[in-house]
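Novice: The structure under discussion is supplied below as structure tokens; questions concerning it will follow.
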Amino acid sequence: MTRFIFITGGVVSSLGKGIAASALSALLQARGFTVRLRKFDPYLNVDPGTMSPYQHGEVFVTEDGAETDLDLGHYERFTGVDCRQSDNITTGRIYSSVIAKERRGEYLGATVQVIPHITDEIKDFIKADLDQNNPPDFLIIEIGGTVGDIESLPFLEAIRQFSNEIGKSQTLFIHLTLLPYIQTAGEIKTKPSQHSVKELLSMGIQPDILLCRSNLPIPQDARKKLALFCNVKAECVIPASDVDSIYQVPLNYHKEGFDEEVLKYFKINPKDHPLNLECWQEIDQRIHHPKASVKIAIVGKYSGFPDAYKSLLEALVHGGIANETKVSIKWINSEDLEGDALSLSDLFKETDGILVPGGFGERGAEGKIRAIEYARVQNIPFLGICFGLQMAIVEAARNLLKLEDANSTEFGPCKNPVVALLTEWEKDGAKELRTGQDNLGGTMRLGSYPCVLQKGSIISDIYGHATCINERHRHRWEVNSHYKLQLESAGIRFSGESPDGKLPEIIERSNHPFFIAVQFHPELKSRPFNPHPLFKSFIKASRTHKLNKSGDFK
């Protein structure tokens, strides 16, 4: 029997519902239970694929090719359970489905309304794609937005109905709120949380557990006051204190009794399901007691908004955990590198590795090319991801092969299109990777694809001498294979390709301490307890580079 846990948020956004859901899932897993997580987003976009990173942050891509909310990245990193397309639903997708049914006549002439048609569709998605033969013990669903927002109302109404239909014994409501500290009064205030719960109650939902975010310890009298005014047990008012690392959250929540209260609510004796947190304790130990440190320069165009690179940042942390190394980040706006007067040696002087991440569009591309050239010439460890691979190809074509006007056709027509849409250079009738020239949504190579590795290559060693791997993609443009032989003559090794040999996936340089670029997004599959081998190797190479610079390592 699956038990359903719904997590809502109040007072303000960005309190950490996704981390709360992930941490609770990790604790339940540590007791031997199986879990699935889902995110319901109230915006009207069908998916976040066409949304600006400044508005939405990173787009997380699942194995089955869904473009989803970045919280699904947290779900996977904390649980190791791969999310699916059915695990991220938006208002846009709900309405699209209902309207399509109405056009097909499936409602038999009924007046289509929010209640019951929209709410019924949401309830269907709550239970969608669950293995009836082996259902998860817990399904945790995060409701995006903040209680009181008009956009969230259909979702809240749907989960209220759902709880009534399957019974309160099988559903649990958790509400995450903020307890602000008012400096002039010298105390933490509970009133915003009281009003948030009142708003939730007006929709017919009584929270069973309160998670209270605070940057200070919450006094017992404040917890008792919240319990009294919000109609919950005092032990179900759980502090959610600020921490140095998100990977401390499961440990902190267990310390506050969060997982035990969840089990007690479902009449499960915690003593019957002993907890094993050794892996989380080991991660916490390695994060807080590193033996070395490195500084990685990330050269991107969203440098002022770290959420645009959320999985990437976490993967670097994971690489640091594997090497017992603290990883600090130097953000470099790639547009800032496009001025001729800029001294790259001064800019990169204190960095131990250079990473050029994914991205779209011409803005900042020339700066990324300059950063890649600097890493190549100065023998600084370099990792290129997706767009980073494409710009590494452009850099080599321009500076090593001296190909005039070498560029990507993403930026317009050029004399030497070393990066292009497959349909612009493929002559063998292969299936087009881009399905429409006018629509941007749903037109990319998305999800998991196989990649064949060359024997004896650096990348094969990194993957444990594997011959074939599967990694997640999110891109439209490909490296033009017509230039492969020329690029190989310039010292580039195409060490990973699609199984049919048509699509270059990985390049490397053997005469460099670490120079690897990949077409896929390895950060999407990195986990704190299972760091991605590419990031482990990159951080190791950066650490070695730092030691060589200092003269302490030969």
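Novice: For a Förster distance of 41 Å, can you work out the FRET efficiency between the beta-carbons of SER343 and HIS288, rounded to the nearest 0.05? Please report the intermediate quantities before stating the final value.
Specialist: Working: r = 36 Å, r/R0 = 0.88.
According to the calculation, E is roughly 0.70.
Novice: Nearest 0.05, what FRET efficiency do LEU547 and LYS502 give at R0 = 60 Å with Cβ-Cβ as r?
Specialist: Numbers: r = 41 Å, r/R0 = 0.68.
For R0 = 60 Å, the calculated efficiency reads 0.90.
Novice: Under unit Cβ charges (Lys, Arg +1; Asp, Glu -1), what dipole magnitude, rounded to 20 debye, does the chain have relative to its Cα centre? Write down the numbers at each step before the final one.
Specialist: Numbers: 63 positive and 71 negative charges, 205 e Å.
Using Cβ point charges on Lys, Arg, Asp and Glu, the chain gives about 980 debye.
Novice: Given the options ALA30, GLY80, ASN45, identify the residue whose Cα lies farthest towards the positive end of the charge dipole of segment 30-101 (+1 on Cβ of Lys, Arg; -1 on Cβ of Asp, Glu).
Specialist: About the Cα centre, the residue reaching furthest to the positive side is ALA30.
Novice: Okay, helix-only estimate at 222 nm for the chain: each DSSP H run of n ≥ 4 adds -39500 (n - 2.57), divide by all residues, round to 500 deg cm²/dmol; what do you get? All intermediate terms of the calculation are to be shown ahead of the outcome.
Specialist: Numbers: 19 runs with 188 residues, N = 554.
My calculation for the chain gives -10000 deg cm²/dmol from helical runs alone.
Novice: Follow-up. Tell me the accessible surface of ASP47 in square angstrom (1.4 angstrom probe, heavy atoms of protein chains only), to the nearest ten.
Specialist: 50
Novice: Measuring from label point to label point, each 7 Å out along Cα→Cβ, what is the VAL81 to ASN379 span in nm?
Specialist: Distance between the two pseudo-spin positions: 4.9 nm.
Novice: Can you tell me, using C-alpha contacts under 8 Å and at least 6 residues apart, the relative contact order of the chain as a whole percent?
Specialist: Relative contact order comes out at 15 percent.
Novice: Report the extension gain between LYS101 and SER489 in nm, rounded to one decimal, defined as 0.36 nm multiplied by the number of residues separating them, less their alpha carbon distance. Each step should come with its number before you reach the end.
Specialist: Details: separation 388, 0.36 × 388 = 139.68 nm, distance 5.69 nm.
Once the chain is fully extended between LYS101 and SER489, it gains 134.0 nm.
Novice: A further question follows. Which order do you get for GLU58, GLU260 if you rank them by accessible area with a 1.4 Å probe, largest at the top?
Specialist: Working: GLU58 15, GLU260 65 Å².
So, going from the largest accessible area down, we get GLU260, GLU58.
Novice: Give me a comma-separated list of calculated 3J(HN,Hα) values for segment 460-473, in order, Karplus coefficients 6.51, -1.76, 1.60 applied at θ = phi - 60°, integers in Hz, x for any Gly or Pro.
Specialist: Karplus-based 3J(HN,Hα) across segment 460-473 equals 5, 4, 4, 8, x, 6, 5, 9, 8, 10, 10, 9, 8, 10 Hz.
Novice: Something else: Among THR68, SER311, GLY300, which residue has its Cα positioned farthest towards the positive end of the charge dipole of the chain, with +1 placed on the Cβ of Lys and Arg, -1 on the Cβ of Asp and Glu, and the dipole taken about the Cα centre?
Specialist: Result: SER311, furthest along the dipole toward the positive end.
Novice: Separate question: Here are some pairs, LYS295/LYS368; LYS17/LYS546; LYS123/LYS310; LYS267/LYS525; which of them have Cα atoms lying more than 26 Å apart in this structure?
Specialist: Details: LYS295/LYS368 18 Å; LYS17/LYS546 38 Å; LYS123/LYS310 30 Å; LYS267/LYS525 35 Å.
Beyond 26 Å: LYS17/LYS546; LYS123/LYS310; LYS267/LYS525.
Novice: Can I ask one more? Fully extended, how many nm does the chain gain between SER14 and TYR181 (0.36 nm per residue separation, minus their Cα-Cα distance)?
Specialist: Numbers: separation 167, 0.36 × 167 = 60.12 nm, distance 1.72 nm.
Contour length minus the Cα-Cα distance gives 58.4 nm.
Novice: Additional query: Hey, got the dipole for segment 250-299? About the Cα centre, +1 on K and R Cβ, -1 on D and E Cβ, debye to the nearest 20? Kindly include the intermediate steps, with their values, before the conclusion.
Specialist: Details: 7 positive and 8 negative charges, 45 e Å.
About 220 debye.
The values are calculated or read from the model by the stated rules, or taken from the named source; none is laboratory data. Given the structure is predicted, the values throughout are model-derived calculations rather than measurements. Backbone-built Cβ (ideal geometry, glycine too); neighbour counts: all protein chains shown. The area values use the complete protein model at the heavy-atom level, side chains included, leaving out ligands, DNA and RNA. Shrake-Rupley method; radii C 1.70, N 1.55, O 1.52, S 1.80 Å.
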